[in-house]
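Colleague: Once you've had a glance at the structure underneath, I'll fire off some questions.
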Amino acid sequence: MNSAPATERVQELIRGLRRRWDEVRAAEDRLASFAWTEDATEEETEDPDTDLRPFVRRVLHTATEGSSFQVLDYLWREGDTTLKALEAVVGGGRTAVADRVGALQQAGLVVRDLEHGRVGLTLLGESVVRLVEELAGAGQEREE
């Protein structure tokens, strides 16, 4: 295995994770400053978390949980698709597909275009699949 591509894959994954982390933090900040009533007090915000390990573990867990990785792999190989097409990958019908895609979307691994009814990989999702492919390829090379 060439170490340069592996390093590039890790860098892609890091960029994707950092982008998603920034998106999550921005959403949390917006939610924390939202008040339903005029007399609500604004909470003081603490410094942002610096330990990304729990976040990274959650993203990787989501990517590999149940049929999630099969969905990511399918999208990587076939490109953007519909929920209907993913039913064969996930099994269990439309509700199961929507649930799986929702979890992947929450983790920042896929994007769902509601207007056109399509699902596609994000940079982070693509980076996870590429890293798995590369690690699997490295394992096969060592066996040979």
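The values are calculated or read from the model by the stated rules, or taken from the named source; none is laboratory data. Fair warning: this is a prediction, and the values are worked out from it, not measured in the lab. Backbone-built Cβ (ideal geometry, glycine too); neighbour counts: all protein chains shown.
Colleague: Where the second residue is at pLDDT 90 or above and of a type in the set (D, E, K, R) and the first is in a helix (DSSP H, G or I) and lies in the range 46-71, which pairs have Cβ atoms under 9 Å and are six or more apart or on separate chains?
Modeller: Close Cβ pairs satisfying both conditions: Ser68/Arg100; Val71/Arg100.
Colleague: Separate question: Does the range 72-110 hold any residues that are touching a residue at least 12 places away in the same chain (Cβ under 8 Å), under 18 Å from Glu12 (Cβ atoms) and in a helix (DSSP H, G or I), and which are they?
Modeller: Leu72, Asp73, Leu75, Trp76, Leu104
Colleague: Residues of the range 113-138 being over 13 Å from Ala63 (Cβ atoms), in contact (Cβ under 8 Å) with a residue 60 or more places away in the chain and among the small types (Gly, Ala, Ser), which ones?
Modeller: Gly137, Ala138, listed by residue number.
Colleague: Got at least one residue in the range 74-84 being on the phi > 0 side of the Ramachandran plot and at pLDDT 80 or above?
Modeller: Yes, the range 74-84 contains a residue that is on the phi > 0 side of the Ramachandran plot and at pLDDT 80 or above.
Colleague: Which residue is farthest from the chain's Cα centre (by Cα), if the candidates are limited to the range 69-112 and must be over 26 Å from Arg57 (Cα atoms) and among the acidic types (Asp, Glu)?
Modeller: Top of the filtered list is Glu87.
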